[in-house]
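Report on one structure; see the data block that follows.
FYI, it's all coordinate maths here, none of it is from the lab. The structure presented is a predicted model; accordingly, all values stated were derived computationally and were not measured. Methodologically, a virtual Cβ is constructed for each residue, glycine included, from the backbone with ideal geometry; neighbour enumeration extends over all protein chains shown.
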Amino acid sequence: MLAASASLLNVPISILDVGQDSPAKQVVAPIPPLSHIDGPFTSPDDIRKLASQVDVLTVEIEHVNVDVLDEIQRETGVEVHPSPRTIRTIQDKYIQKEHLQKAGLPLAEYVPVERNVEGVEKAISQLGLPLMLKSRTLAYDGRGNYVLRSEDNNAISEALSVLADRPLYAERWVPFVKEAAVMVVRTKEGVVHAYPLVETVHKENICHLVFAPFRAPGDVSVRAQLIAEDVARTFDGAGVFGVEMFILEDGMFSLHVISTFTHVLSRGTVYVNEVAPRPHNSGHYTIEACYTSQYENHLRAILGLPLGDTRLITPSAVMLNLIGTSDDPTSVFELSHKALTIPGAHVHLYGKSGCRKGRKMGHITIVAQSDADSRDRLRPLLETMSLGPASQSDAAIYTPQPLSPSHSHPFPLVSIIMGSDSDLPVMRAAAAILTRLEVPYELTIVSAHRTPERMVHFSKGARGRGKLTFVCSNSSSRVPGVRVIIAGAGGAAHLPGMVAALTPLPVVGVPVKGSSLDGVDSLHSIVQMPVCPTILS
């Protein structure tokens, strides 16, 4: 995908990888005197051959021979991005944690671990159970992670065996409610631009789904982007960085000093999990869903070209990884063919020479005008993945459907609220019209005087569920989820005005006629609130 972006910018490119039919080499032919190099990216001689042909070296995987990259940058004048020092820091996840900790970034507690039963027992005594035991090196896609749930010697011995002979560290278990990620592009001069926060879903420790943008109440998305930008600022060199995060349960209060740039005191906690010094799987959606893909921006950054716009150009996007289930790629091809029948679906097959269980063979990105539409388009793909109950569960979890057209939709564009069920005969008409127009909606009771806390929570959270704002250092954008609230009130109630005072979303107030005063009392109560909603009568 980086090679494809290079071809569109007319950038000559030479590739080091094993075999003549590796995915990137299938995309671009080298322009003489350039030639592709057949060899592993850890080979000093092959890396030097590659460097002898180019002005700039970059990586698509961090598990490279950093000593040779350092030597090349010092002795030949060839630029290496990101810098060898950055790659070296990120290669060892414990050193990476130390680096981020010194910069004041929010992390789960962690400790080094000696590779023996006693060392693991010490970590358990420090951090408790369950314990996330991790390999410090050569770990990606969940490889090198082990969740230890018992201090039994047999369980510890099994964990040490699974993690082979690699050096280890441990992290305190983080009770996150969502996993998320932000792609950040950094120029040679240190200017950083963040992409939107996205939700990531992992299956068997491999990225399974990415939902863009992340839907969250309050300022979680903005804070996560600012944290991700601060992460990128701590490193040297240019290019794209993938910052993986944990979002803890809303309601926890935390104060984080984000290096020297930002102080945060807010509801909801964001932890940095890991950093990748390259374009990342959680950013594949940017190819179709953003003004400038992560790959094009990576090239722009390392070549000193102006950075592209990182904002979304579609209200909703989903990325589904195509993961091999065996050495037979048939299921991958069947799913790809199914995607070709779905509006807004874009298929990317990588052309890898062999399929195996757990190998990323491609991905599908779906773009749509709403979350409801993107989930409707994703659902048949999840149902096609397997005939077993697991896939049906995936479809039910990630693409739920309303129980019937008269029930609330899980991804609404309109919220219909009322103070009590006595208002339902009037408000049902709004629901019926939206049903006929095939506009997804939710319908619920929110009382300003019987359940004021619920009303405040609903109203203040509407911005996250509705017009999600993301801000980075160069731009801001709003992405629609819920776009309008229709609030009914009878008997001098003031629900529409109260809600309008607490949310930036447009609120349509509906005075409900009572047994007396013909609804005029409701109308007067609504319009006397600090922020006057639109009135329908």
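Mean sequence separation of contacting Cα pairs (under 8 Å, at least six apart), scaled by the length of the range 99-255, corresponds to a relative contact order of 23 percent.
FRET efficiency for the Asp38 to Val191 pair, using the beta carbon distance and R₀ = 45 Å, is estimated at 0.75.
Listed values (1) 169; (2) 149; (3) 534 include one computed from this model; for volume of the Cα convex hull per residue in Å³ that value carries the label (1).
Could you pull out which residues in the range 40-63 have an amide N less than 14 Å from a spot 7 Å beyond the Cα of Ser353, following the Cα-Cβ vector? Of the residues in the range 40-63, 40-41 have backbone N under 14 Å from the label point off Ser353. With no solvent and one point on each alpha carbon, what is the Debye value of log10 I(q)/I(0) for the range 2-90 at q = 0.12, 0.23, 0.24 Å⁻¹? So the normalised log intensities are -0.34, -1.25, -1.34. Taking the empirical scaling 2.2 N^0.38 Å for compact globular proteins as reference, the range 63-153 has a Cα radius of gyration ratio of 1.36.
In percent, rounded to a whole number, the relative contact order of the chain is 10, using alpha-carbon pairs under 8 Å and six or more apart.
All Cα-Cα separations within the range 277-423 were binned at 10 Å from zero, giving a P(r) of 10, 32, 31, 18, 7, 2, 0, each value a whole percent of the pairs. Quick one: plug the Kirkwood hydrodynamic radius of the range 1-158 (C-alpha pairs) into Stokes-Einstein at 37 °C, 0.692 mPa s, and report D in µm²/s. Roughly 178 µm²/s, to the nearest whole number. Sorting 193-203, 413-423, 94-104 by their mean Cβ neighbour count within 10 Å, with the most densely packed peptide first, gives 193-203, 413-423, 94-104. Kirkwood analysis of the range 176-398, using all unique Cα-Cα pairs, places the hydrodynamic radius at 18.2 Å. Inverting the pair-averaged 1/r between distinct Cα atoms of the range 109-172 gives 11.3 Å as its Kirkwood hydrodynamic radius. For the chain, a crude dipole built from +1 on the beta carbon of Lys and Arg and -1 on the beta carbon of Asp and Glu, taken about the Cα centre, is about 1080 debye to the nearest 20.
In this label model, Gln401 and Glu383 are separated by 0.5 nm, measuring between points 7 Å along each Cα→Cβ vector. Net length available on complete extension from Ser422 to Asn205 is 73.3 nm, with 0.36 nm assigned per residue and the Cα-Cα distance removed. In terms of the mean number of neighbouring beta-carbon atoms within 10 Å, the peptides 83-89, 303-309 order highest first as 83-89, 303-309.
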